[in-house]
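The values are calculated or read from the model by the stated rules, or taken from the named source; none is laboratory data. Everything quoted here is computed from the prediction, not taken from an experiment. When we count neighbours, we look across all protein chains shown, and the Cβ atoms used for this are built from the backbone with ideal geometry, even at glycine. Note: areas computed on protein heavy atoms with side chains; ligands, DNA, RNA excluded. Shrake-Rupley method; radii C 1.70, N 1.55, O 1.52, S 1.80 Å.
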Amino acid sequence: MLSEEVKKLLEQGFIAEAQASNLYYFFARKADEEVSLASSVEVANLLREAATLFRQTADEEVLHAFIHLTALEGIGDTLQNLQKASSMETFEYQTIFPSSAAALQMDENSRVAGQMEAICVAEKRHTELFDRLAKQLQDSRLAKPMAADSQA
């Protein structure tokens, strides 16, 4: 059993590592975009090297986040993971993105507000996909248990 202090530190570590990995993947994409605009072959090669370094570091940060999440026992079986993913996506499309879109409209930033609305649609689709697969998995497990000698 983890103490509350240890749990909080692991949660903070997970968030930091997950954010860093995404940020570094985005930095790599930007470096890739800049290659075609490079003023010389040397600059293009350095930009490619930067993109590679960002990707390698991002991959390591994903592993670090996984270690934190595993320590927190935040990964269940696949059915539990599908249900958790559905819950997270539902919160995003029902709460986060509509609020963001509304705030952006108030700030007269309709372009980004429209992007938030489009993300909301995608998140709802993700929820539906997770829910469909979770139901199928649950129904299949209830209907036909595998024989011990035929497990894959």
(message) If the requirement is being of a type outside the set (K, R), touching a Lys or Arg at 6+ places or on another chain (Cβ under 9 Å), open to solvent by less than 100 Å² (accessible area, probe 1.4 Å) and within 30 Å of S140 (Cα to Cα), which of these qualifies: T90, T70?
(response) T90
(message) Tell me whether the range 94-109 contains one or more residues that are under 20 Å from the mean Cα position of the chain (by Cα), free of Cβ contacts under 8 Å to residues at least 12 places away in the same chain and surrounded by 14 or more Cβ atoms within 10 Å (Cβ to Cβ).
(response) yes
(message) Take the residues in the range 73-82 that are assigned to a helix (DSSP H, G or I) and surrounded by fewer than 17 Cβ atoms within 10 Å (Cβ to Cβ); name whichever of them is nearest to the chain's Cα centre (by Cα).
(response) N81
(request) Looking only at the range 29-49, decide whether some residue is within 28 Å of C120 (Cα to Cα), of a type outside the set (G, A, S), in contact (Cβ under 8 Å) with a residue 24 or more places away in the chain and out of contact with any helix residue (DSSP H, G or I) (no Cβ under 7 Å at 6 or more places or on another chain). (result) no
(message) Please go through the range 6-55 and give me each residue that is open to solvent by 60 Å² or more (accessible area, probe 1.4 Å), among the polar types (S, T, N, Q) and either assigned to a helix (DSSP H, G or I) or under 30 Å from T70 (Cα atoms) (or both), ordered by number.
(response) Q12, Q19, N22, N45, T52
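Residues are listed down the side, and each one gets a yes or a no for (1) charged (D, E, K, R); (2) under 19 Å from G13 (Cα atoms):
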site: F27; (1), (2): no, no
site: E33; (1), (2): yes, no
site: S39; (1), (2): no, no
site: L47; (1), (2): no, no
site: T57; (1), (2): no, yes
site: I75; (1), (2): no, yes
site: L82; (1), (2): no, no
site: A85; (1), (2): no, no
